[in-house]
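Working notes, structure below.
The values are calculated or read from the model by the stated rules, or taken from the named source; none is laboratory data. All of these numbers come straight from a predicted model, not from anything done at the bench. Cβ placement follows ideal geometry from the backbone for every residue including glycine, while neighbour counts extend to all protein chains displayed.
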Amino acid sequence: MKISGFFAALLLVAATAPMHADTFDLFFDENGNGLYTETSGSPTANSYTDASGALLFTTPLDTIGGTGNNILIYKLPDFVLNGPVDIGESAGPGISDVLWFTNEADLAAAGAHTYVYGTPGTTDGAGDFGTPNADLMIFFSGDSTGALADSGLPNTVNVGALADATNELADGSFIWLPGGNRYFGQSDEAPEPGSMSLLAVGAGLVGLGAWSRKARR
């Protein structure tokens with residue numbers, strides 16, 4: 001996997017920098033099945049009020065990634081850093097998915113989202129890449145199995161130059177632990193019935209004591 005040295009390092013540092021007291025666990029797949037649990041604080045975005053519940057999602061036409069298809073957008077319970085990261089394949093080089101954290105204003109600014117990674121001074125058209133104003137997460141999948149996320153990978157970013165968030169496991173699941181927030185995703189393989197609940201249970205076993213940091217992504 002290619003990582004654009006200095007810029008990618010800045011992205012990963014930013015993703016783990018302390019930002020806010022509200023943190024969450026997110027469990028989601030390629031078909032709009034998602035759960036959230038606040039691990040500290042209370043929801044601050046998208047009119048969520050409960051400490052845990054089902055994730056809201058939409059499937060509008062892509063105005064940010066250039067795929068020309070409908071895309072799967074999850075509504076997040078809190079604000080996170082703006083911008084995309086990739087999920088690597090489980091075996092060998094290659095990119096399976098892209099998670100793009102954004103907001104409604106960026107989606108409305110169609111055609112203004114080409115990033116040049118590794119080039120000082122370049123950013124997204126809205127000028128807010130890396131800003132903690134994203135309350136939406138787009139799940140771009142490179143698969144073609146008919147899932148809601150199977151829009152294809154975005155072409156308005158140099159996907160090969162994005163920082164690797166994590167890699168898939170052999171069963172198509174992935175876990176990204178950038179800081180206070182934790183992301184438990186399912187890609188490729190269709191999850192068996194109840195797998196989202198099993199992911200949620202498993203999340204409780206992953207280093208709970210280490211997550212007192214109030215970091216964001």
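General observations
- Region 160-210, residues that are of a type in the set (A, V, I, L, M) and either in contact with a His (Cβ under 6 Å, 6 or more places away or on another chain) or modelled with pLDDT of 75 or more (or both): Leu162, Ala165, Leu169, Ala170, Ile175, Leu177
- Tally of residues being closer than 21 Å to Ala147 by Cβ, at pLDDT 90 or above and more than 10 Å from the chain's Cα centre (by Cα) across region 78-93: 0
- Test: residue in region 94-105 that is among the charged types (D, E, K, R), under 15 Å from the mean Cα position of the chain (by Cα) and either at pLDDT below 85 or buried (at least 17 other Cβ atoms within 10 Å of the Cβ) (or both): yes
To keep it simple, each residue is scored yes or no on (1) of a type in the set (Asp, Glu); (2) modelled with pLDDT under 95; (3) farther than 14 Å from Leu56 by Cα.
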| site | (1), (2), (3) |
| --- | --- |
| Met1 | no, yes, yes |
| Phe7 | no, yes, yes |
| Val13 | no, yes, yes |
| Ala17 | no, yes, yes |
| Phe24 | no, no, yes |
| Asn31 | no, no, no |
| Leu35 | no, no, no |
| Gly41 | no, yes, yes |
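- Among residues of region 49-98, those that are of a type in the set (Phe, Trp, Tyr) and either in contact with a Phe, Trp or Tyr (Cβ under 8 Å, 6 or more places away or on another chain) or assigned to a loop (DSSP other than H, G, I, E, B) (or both), counted: 2
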